[in-house]
Amino acid sequence: MRLTDIHCHLLPKVDDGAKNEEEALKLLEMEYAQGVRRIIVTPHYRIEMFETDQERIEQQYRWLKAAAEQLYDDLEIYLGCEYHANSGILEDLKTHRREALAGSRYVLVEFSGMDSFAKQRKQIRELTGAGYIPVIAHAERYECLRNDIKNIEELIFFGAKIQVNADSVLGEEGRKTKAFCKKLMKQDLVDFIASDAHCMKGRAPNLGRCAEYVEKKMGHEYAQRIFVENPSEIFNRE
């Protein structure tokens, strides 16, 4: 499979991801070695925590994209953002202060772990009402979703897509989280699995290993849909 990673922090010196250019290139090498052929880099945007100027982000993106083109003939790099939900998200997207995923209508949205379901639902409905497709980043982390899987079903009903992290699926975040991700997959409530890679140690890219695991547990057709077909919709949709 030619894998797509829709959520990772490979851009150097813009958030808590790659600390420098050397680490960024090593992370890129790891992604490629695992079969990833399309990457959307998603630097954090969170008020009073991660507010790197968009011009600086785009500068680092151009550097990484050029580096990838020099190293590999078949690796595509795109720009996105992991947007921590707040009331200004629609204005930021409309004015391109922050970017959706690869220039699409898909928006990677992160919440705080203890945010209420009411807050999540309100944010999702605002985005879908404006014509965006919210992708809930690492959905397995949020208490309001873990405690009631019907809340995930409701967000999907309102138009959200669900992304879980490869580490969580593989059990790196504990047995309970692994079991929850398995339950989501069994009930067909996962749209994307991404690496959410940040660094060489602790949060390294592992999408290839996860794809092998998912294919073994859920079958080839399921893995193909999660790692190839669903991500392709981001690029195919006008």
Listed by chain and number, the lysines with an alpha carbon less than 23 angstrom from that of residue 217, same-chain partners under 8 positions apart left out, are 161, 176, 178, 182, 183, 186
Among 65, 201, 186, the residue with the largest mean-square fluctuation in a Gaussian network model of the chain built from Cα contacts under 10 Å is 201
Expressed in square angstrom to the nearest 10, the accessible area of residue 61 with a 1.4 Å probe stands at 40 Å²
Once Lys and Arg are counted +1 and Asp and Glu -1 for all other residues with Cβ under 12 Å from that of residue 36, the total becomes -1
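Quickly estimate the mean residue ellipticity at 222 nm for the chain, helices only: each DSSP H run with n ≥ 4 gives -39500 (n - 2.57), and the total goes over all residues, rounded to 500. List each step's numbers first, then the result.
Details: 11 runs with 104 residues, N = 238.
The helix-only estimate for the chain comes to -12500 deg cm²/dmol at 222 nm.
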Counting sequence-distant residues (5 or more places) and residues on other chains, those with an amide H built under 5 Å from that of residue 197 are 9
Taking a straight Cα-to-Cα line shorter than 26 Å from residue 13, and setting aside same-chain lysines fewer than 8 residues away, one finds 26, 65, 94, 201
With Cα springs under 10 Å, the Gaussian network model of the chain assigns the largest mean-square fluctuation among 125, 175, 105 to 175
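Ignoring ligands, DNA and RNA, how do 52, 95 rank by accessible area with a 1.4 Å probe, largest first?
These residues rank, largest area first, as 95, 52.
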Taking 109-118, 157-166 and ranking on average Cβ neighbours within 10 Å, highest first, one gets 157-166, 109-118
The rounded separation in angstrom of the Cα centers of segment 16-36 and segment 100-137 is 27 Å
For segment 1-92, the Debye formula with one identical point scatterer on each Cα and no solvent gives log10 I(q)/I(0) at q = 0.14, 0.21, 0.24 Å⁻¹ as -0.49, -0.99, -1.23
Spelling it out for residue 161: with amide H atoms placed in the peptide plane at 1.01 Å from N, the residues 5 or more places away or on another chain with amide H under 5 Å from its amide H are 135, 136
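Please go through segment 141-221 and write out the GluC sites (Glu not before Pro) that DSSP classes as loop and that have at most 15 other C-beta atoms within 10 Å. Please list the in-between numbers first.
Details: sites: 143, 153, 154, 172, 173, 212, 215, 221; in loops: 172, 173.
Within segment 141-221, the qualifying GluC sites (Glu not before Pro) (loop, at most 15 other Cβ atoms within 10 Å) are 172.
The values are calculated or read from the model by the stated rules, or taken from the named source; none is laboratory data. Being a predicted model, the structure only gives us computed values, none of them experimental. Note that each Cβ is placed from the backbone with ideal geometry, even for glycine, and that neighbours are counted across all protein chains shown. Areas reflect the complete protein model, heavy atoms only, side chains present, ligands, DNA and RNA absent. Shrake-Rupley method; radii C 1.70, N 1.55, O 1.52, S 1.80 Å.
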